[in-house]
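The values are calculated or read from the model by the stated rules, or taken from the named source; none is laboratory data. Note that this is a predicted model, so its numbers are computed, not measured. Cβ placement follows ideal geometry from the backbone for every residue including glycine, while neighbour counts extend to all protein chains displayed. Only protein heavy atoms, including side chains, enter the accessible area calculation; ligands, DNA and RNA are left aside. Shrake-Rupley method; radii C 1.70, N 1.55, O 1.52, S 1.80 Å.
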Amino acid sequence: MSATKSTIPRPTNEQLAALYVERKLGCGELGKMFERDPKTVYYWLKQAGIQTRARGTDPAQWFAKGGQDPRSFSGTKHSAESKAKIGAASRGRTPWLRGGVHWLHTVPADRNPKWKGGITPERQEFYRSAEWKRAVKAVWCRADACCERCGLDWRNVDRKATPTFPIHHIVTFAVSELRAAVDNLALLCRPCHIWVHSNENSIQAFLASPWPRRDFAALDQENAS
Ligand SMILES: [Zn+2]
Ligand SMILES: [Zn+2]
């Protein structure tokens, strides 16, 4: 800030008092207003016999460069009591935890809504079955070894990084009748398979509910008769 080139005249003591005392402007703000260094403004205030405020009491300066909000918690530590209170409040915001234990902790795996059939001996046995191997062959042939979502050709990928493409179940594996149904299977590359099961797949591509859509019109008719 140039102190010498300002064309704005020095304010009168009355003007200074009005701005500094009544309107509570700081030296920095007045410096900008009169194109002077804040130290010059401070000097004017002293000359005018105006009682200056202690540094840091001007809220407008709290977030200025290098300034710190006196209410800031930075550099301070929570007491043990505060920590306990914060912990209790945060547990209140985690309804899936009951007494610090996840609500699914005691729920049997097959009652878990995310249950997909599990790595059970039955599942392992299925993946070894001739029925499954036939289905895999049929799916790979239909897809011509290409990802059925993005078209990536397995023959062109690094075999060490990608030894195979996963076969995805459109209707979940949990529905045993459709486990080896070729129409219920899709050959997907790993990134596409991850995408299909992610929240990004908002259109539910490559996913289907095992339960038929309820025909509400027919249901209404039934109830009416
Ligand atoms: Zn793909
Ligand atoms: Zn899948």
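Accessible area of H78, 1.4 Å probe, to the nearest 10 Å²?
90 Å²
Sort C192, C150, C141 from largest to smallest accessible area, using a 1.4 Å probe on the heavy atoms of the protein chains.
Result of the area sort, largest leading: C141, C150, C192.
Can you list the residues, at least 5 places off or on another chain, whose amide H is less than 5 Å from the amide H of C146, using H built in the peptide plane?
W154
Y20: accessible area at probe 1.4 Å, nearest 10 Å²?
Around 10 Å² of this residue is reachable by solvent.
Apply the Karplus parameterisation 6.51 cos²θ - 1.76 cosθ + 1.60, with θ equal to phi minus 60°, to every residue of region 147-154 and state each ³J(HN,Hα) to the nearest whole Hz, in sequence, with x for glycine and proline.
With the stated coefficients, region 147-154 comes to 4, 7, 9, 9, x, 4, 8, 4 Hz.
With each label point set 7 Å from Cα along the Cα-Cβ vector, what nm distance links K24 and T120?
Computed distance between label sites K24 and T120 equals 7.1 nm.
Tabulate in residue order the Karplus-calculated ³J(HN,Hα) for region 176-182, using 6.51 cos²θ - 1.76 cosθ + 1.60 with θ = phi - 60°, rounded to whole Hz; enter x for Gly and Pro.
With the stated coefficients, region 176-182 comes to 5, 5, 9, 4, 10, 6, 4 Hz.
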